[in-house]
Amino acid sequence: MNLVIKDDIDEILKEDIEWDKLKEKTFLITGASGMVGKYITFSLLRLNQIKNFNIKIIAICHNRSKAEKTFEDFLEDKNLFIISQDIEDKLEYNEKVDYIVHAASPANPVQYSTNPVGTILANTLGTYNTLELARKNKAQYCYISTMEIYGKLETNYDIKEEEYGAVDSLNVRSCYPESKKMGENLCIAYKEQYRN
């Protein structure tokens, strides 16, 4: 792990959070080699190093070689398991999972403008697949969304969650914010319908 990320992680771990609740737990993190997923994965690996928490991390990554490069210092770590698959494909992980963090999404404008269908599938089917796994495991679930769901707003102040901007659903670039917004709605639908 590079020194900047290590320093960031060490600062994160100084936060007044009940880290002990994570001891001996299993996390499944999609998009583990992306920006947000990487920081979460490194934070958990670092907790294992400094506090011996024995947290098991299932890192789901689209690109195995990128994941191995990202986590090269931890490839021999007994608590890190890298699985390479597209998130829109059904997750075939059959062991107990305590926490699922769904951070997989083509978040780069070049990616989602050249692969709009893949973007929509990652943000809808990928969310469905991870929610199903969470439901079966009675796992805690965290969906990583984006400010882009708010679209264009007429204001220059901080956006509040109850505000909704305009997203042009006929613009192919809208595949990202529209499908992320649907992912949020799917999370709420699961909570309402299954309440587990």
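Values in this text are rule-based calculations from the coordinates and carry no lab data. Every value quoted in this text rests on a predicted model; they were computed, and no experiment measured them. Cβ: placed from backbone, ideal geometry, glycine included. Neighbour counts: every protein chain shown.
From its DSSP helices (H runs of at least four residues, each -39,500 (n - 2.57)), the chain gives a residue-normalised ellipticity at 222 nm of -13500 deg cm²/dmol. With axes computed from alpha carbons, what is the tilt in degrees of helix 3-12 against the longest principal axis of the chain, rounded to the nearest 10 within 0 to 90? Tilt of helix 3-12: around 90 degrees. The convex hull around the C-alpha trace of region 3-52, projected and averaged over every direction, spans 3.6 square nanometres. Eigenvalues of the alpha-carbon gyration tensor of the chain, scaled by 5 and square-rooted, set the equivalent ellipsoid semi-axes at 28, 19, 18 angstrom, largest first. Remark: relative contact order (the chain) = 19 percent; criterion is Cα-Cα distance under 8 angstrom and separation of 6 or more residues. Scanning the chain for GluC sites (Glu not before Pro) lying in DSSP loops with no more than 11 further Cβ atoms inside 10 Å, the longest uninterrupted stretch between such sites is 96-153. Look at Thr119, Thr114, Thr30, Thr146 and count the other Cβ atoms within 10 Å of each Cβ; fewest to most, that gives Thr114, Thr146, Thr119, Thr30. Within the set of other residues whose C-beta is less than 10 Å from the C-beta of Leu44, count the net charge using Lys and Arg as +1 and Asp and Glu as -1. Taking every Cβ under 10 Å from that of Leu44, the sum is +3.
Taking the DSSP beta bridges with both ends in region 3-194, the antiparallel portion is around 5 percent. Cross-link partners of Lys25 among lysines, defined as those whose alpha carbon lies under 17 angstrom from its own and excluding same-chain residues fewer than eight positions apart: Lys51, Lys56, Lys78, Lys96, Lys136, Lys138. Partner lysines whose Cα lies under 18 Å from the Cα of Lys180, excluding those fewer than 8 positions away in the same chain, are identified as Lys152, Lys160, Lys191.
With neighbour counts taken as other beta-carbon atoms within 10 Å, the residues Lys56, Lys23, Lys78 rank, fewest first, as Lys78, Lys23, Lys56. Only Cα pairs within less than 10 Å get springs; with that Gaussian network setup on the chain, which residue of Ile83, Ile17, Ile144 has the largest fluctuation? Of the options given, Ile17 has the highest mean-square fluctuation. When the Gaussian network model of the chain links Cα atoms closer than 10 Å, the mean-square fluctuations of Asn108, Asn123, Asn137 top out at Asn108.
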